[in-house]
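Computed from the coordinates by the stated procedures, all read-outs in this text should not be read as laboratory data. Every value quoted in this text rests on a predicted model; they were computed, and no experiment measured them. Methodologically, a virtual Cβ is constructed for each residue, glycine included, from the backbone with ideal geometry; neighbour enumeration extends over all protein chains shown.
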Amino acid sequence: MLLTQVLVRLCLVFPERSLAKSFTWPFGILLLATFCIGASGYIINDYYDLKIDRINKPERIIVGKGLTRRKAMMLHLYLSLASVTLGTLLGWRIGLVYLGTGLLLWGYSAQLKKRMLVGNMTVALLAAAMVLVVPLQAGQPSLAAWAYGIFAFLMTLIREIVKDMEDVQGDASFRCETLPIVLGLPKTKWVLYFLLLCFWLFTGFVIAHEWESKLLVVYLFIGVVLPSLVLFRQLFYADRKRDFAQLSWLCKGIMVTGILSMLVWH
C-alpha cells in the first residue's frame with residue numbers, strides 16, 4: 001500500500017515535481033495513516049480468524065501465540081485511532097476515508113468475510129480507496145489514478161476469491177458462506193474467468209488509449225497481460241490447496257508489476 005501511494009504521488013499526481021518536492025509533510029502523515037490502518041486491519045483479521053487459521057495456516061499464527069488476544073485488540077484500537085486522527089489532521093474528508101476504512105476492516109474481519117462475495121468486494125474497494133486517497137489529499141484530480149484504482153479493485157477481487165478457494169477446508173468447518181463453499185470450485189472458476197475477461201478488457205482499453213507510449217504498452221503486455229494469461233491457464237488445472245496458493249502468489253506478482261508500470265507512465 002505504501003509503495004503504491006508513493007508511486008501514485010510521484011508518477012501520476014505530481015509527475016513534474018522533483019523527488020524532494022513531492023515528499024511534503026502532509027504526504028508523510030498520509031503514509032503513516034495508511035501504515036497504521038493497514039497494520040490494524042491485519043491484527044483484527046488475525047484476531048477473529050484464530051480458530052480458522054489453526055486449520056488453514058497453523059504455521060503463521062501470531063495472535064494467541066506470540067501475542068495475547070487482549071493485547072492484539074488493544075493494539076488494533078490504538079492503530080485505528082491513530083490512523084483516523086492523522087487523516088483528520090489532513091482534512092475531514094481524509095479522516096472520513098480512514099474512519100470508513102477502519103470500520104469496514106472490523107466488519108470484514110468479524111462478519112463480512114464469511115458472506116459470499118461481500119467480503120471479497122469490501123477488500124477490493126478498500127484497495128482502490130488507498131490509491132484514490134492520494135489525489136484526494138493532494139487536491140489534484142487524476143484520471144490515471146482512477147485507472148490504477150480500477151486495476152487494484154479487479155486484481156484484489158480476483159486474488160481474494162482465489163484465497164477463498166485455497167482456504168475452503170477451514171472456512172467450511174466454521175460455516176462460512178464464501179463463493180467456493182456456496183457454488184463449489186468449478187462454478188467459482190467460471191466467476192474468475194469472467195473477472196479475468198473484465199480485467200483483460202480494461203487493460204486492453206488502457207493499452208489502446210496509451211498506444212503512443214510504446215514503452216508503457218510493451219511493459220503492460222509483458223508484465224501484466226502475459227502473467228494474467230498464465231494465471232488463467234493455471235486456474236483451469238488447479239484443484240488442490242497448493243495450486244491455489246501458487247495462484248494467490250501469481251496474483252500478487254501481477255499486482256506488483258502493474259503498480260510498477262507507473263514508473264513508465266507518461
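Quick notes on this one:
- Projecting the Cα positions of I37, A129, Y193 onto the charge dipole of the chain (unit charges on Cβ atoms of Lys, Arg, Asp and Glu, taken about the Cα centre) puts I37 furthest along the positive direction.
- Pairs spanning more than 30 Å between alpha-carbon atoms, out of K71/K113; K21/K163; K214/K241: K21/K163; K214/K241.
- Straight-distance candidates among the aspartates and glutamates for linking to K252, with alpha-carbon spacing under 16 Å and chain neighbours fewer than 8 residues away dropped: E160, D164, E166, D243.
- Each peptide in 145-156, 193-204, 83-94 was scored by the mean count of other Cβ atoms within 10 Å over its residues; highest first, the order is 145-156, 83-94, 193-204.
- Value at 222 nm in deg cm²/dmol, rounded to 500, when DSSP H runs of n ≥ 4 in the chain each add -39,500 (n - 2.57): -24500 deg cm²/dmol
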